[in-house]
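Step one of this worksheet: look at the structure below.
The values are calculated or read from the model by the stated rules, or taken from the named source; none is laboratory data. Note that the structure is predicted; figures quoted are calculated from it, not measured. Cβ placement follows ideal geometry from the backbone for every residue including glycine, while neighbour counts extend to all protein chains displayed.
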Amino acid sequence: MSLDQTSDLMTGQPQAASHPGLSPRQLKVRRFLRHKPALASLILLLALAALALAAPAIEAARGLDANAVDLFSRSLPPSEVYWLGTDELGRDLLLRLLYGGRVSLAVGLLAAFCAALIGTCLGLLAGYYGGRFDAAIMRLADTTIALPLLPLLIVLAAIDLTKLGLSPELASSEEVSFYRIVVLIALVGWTVTARLVRGAVLSLKRREYVLAAEALGAGPSRIMLVHLLPNAVSPIVVAATLSVGNVILLESVLSFLGLGIQPPVPSWGNMLTGAQETIWSAPWLAIWPGLLIFVTVIAFNFLGDGLQDALDPRAEADRTT
């Protein structure tokens, strides 16, 4: 029995009653499509992702090199050759933005996924077993939430990896720079998902179908993975979607401070760093990456709102936006 069905039994108002012939999944899709800002945000994010993935093809078609330094073409305004102008080192700004989008979006999605995975596992275990384990996990979550997030990330990002046994070449490599940011953000971003999953599990584990599974001899692993986790997916998806925008902001701040993605690998954050010296003479170098960060974060927030409305089993199908 799914969460939609159990909610229908509790409220006494089956969702499909007002829309006979529509399954719960179809009702969710219908509610999402009626949320215009979320639908527009999804289209925008898909377009940004498609352009970022197509960056090598666009680079080859235009006959330019995103990493080629040309000091004689520094900070040029938009033109027929350079559609958005050039940066402080004479590189094509459009291509740098597309490659930077690949990095920023990848960091946001991967870190949000890792944080959601950690939070889901801890919240599922805490809600099911309860007792001292639940208390320990929740106190750890409270402690993490109480710490100032940005200063904590700055301190962690400033740790010298060579002191941890990595070679200088590996510590300064592009891959380590990327995954370090993902790991740091995931380690401090799991708390919201853990709380949401714990609350859902506490509500679900006394439902009739869970008690029936226990009576039939199902073990804890089967109950958590088969009966509890699928019915707690909705808050996980919503929390992960909403956190992507925050992760992109955190990555941008760390890269802006020189503690995130390191040049020459572009990200929207370190592109803002490079634009500091030319903010008055070439403002487009700061406007475009800043605008992309702003639009992407807002789009993910709207998408999260739309998913929250669509996945809520008590949401009215005829809700207008």
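The condition of being part of a helix (DSSP H, G or I) and more than 20 Å from the chain's Cα centre (by Cα) does not hold for LEU291. VAL183 passes every criterion in (1) more than 26 Å from ALA299 (Cβ to Cβ); (2) surrounded by fewer than 19 Cβ atoms within 10 Å (Cβ to Cβ) apart from (1).
Residue-wise test of (1) over 25 Å from GLY100 (Cβ atoms); (2) at pLDDT below 85.
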| position | (1), (2) |
| --- | --- |
| ALA158 | no, yes |
| GLY165 | yes, yes |
| GLU174 | no, yes |
| ILE185 | no, no |
| GLY189 | no, no |
| LEU202 | yes, no |
| LEU216 | yes, no |
| SER221 | yes, no |
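Has the range 155-168 got any residue that is among the aliphatic types (A, V, I, L, M) and touching a residue at least 60 places away in the same chain (Cβ under 8 Å)? There is at least one residue in the range 155-168 that is among the aliphatic types (A, V, I, L, M) and touching a residue at least 60 places away in the same chain (Cβ under 8 Å). Entry remark, the range 209-232: residues being touching a residue at least 24 places away in the same chain (Cβ under 8 Å) and part of a helix (DSSP H, G or I) number 8 in total. Going through the range 145-170 one residue at a time, which ones are small (Gly, Ala, Ser) and over 22 Å from the mean Cα position of the chain (by Cα)? Passing the criteria: ALA158, GLY165, SER167.
Scanning the range 49-63 for residues that are over 25 Å from VAL107 (Cβ atoms) and in a loop (DSSP other than H, G, I, E, B) yields a total of 1. All of (1) surrounded by 19 or more Cβ atoms within 10 Å (Cβ to Cβ); (2) under 21 Å from the mean Cα position of the chain (by Cα) hold for ILE298 with one exception: (1).
Number of residues in the range 122-174 that are on the phi > 0 side of the Ramachandran plot and either surrounded by 11 or more Cβ atoms within 10 Å (Cβ to Cβ) or not in a helix (DSSP H, G or I) (or both): the value is 2.
All of ASP309, ASP305 fail the test of being at pLDDT below 85 and in contact with a His (Cβ under 8 Å, 6 or more places away or on another chain), apart from ASP309.
Check VAL192 against each of (1) without any contact (Cβ under 8 Å) to a residue 24 or more places away in the chain; (2) under 22 Å from ILE236 (Cβ atoms); (3) of a type in the set (A, V, I, L, M, F, W, C) and name the one condition it does not meet. That leaves (1) as the condition not met.
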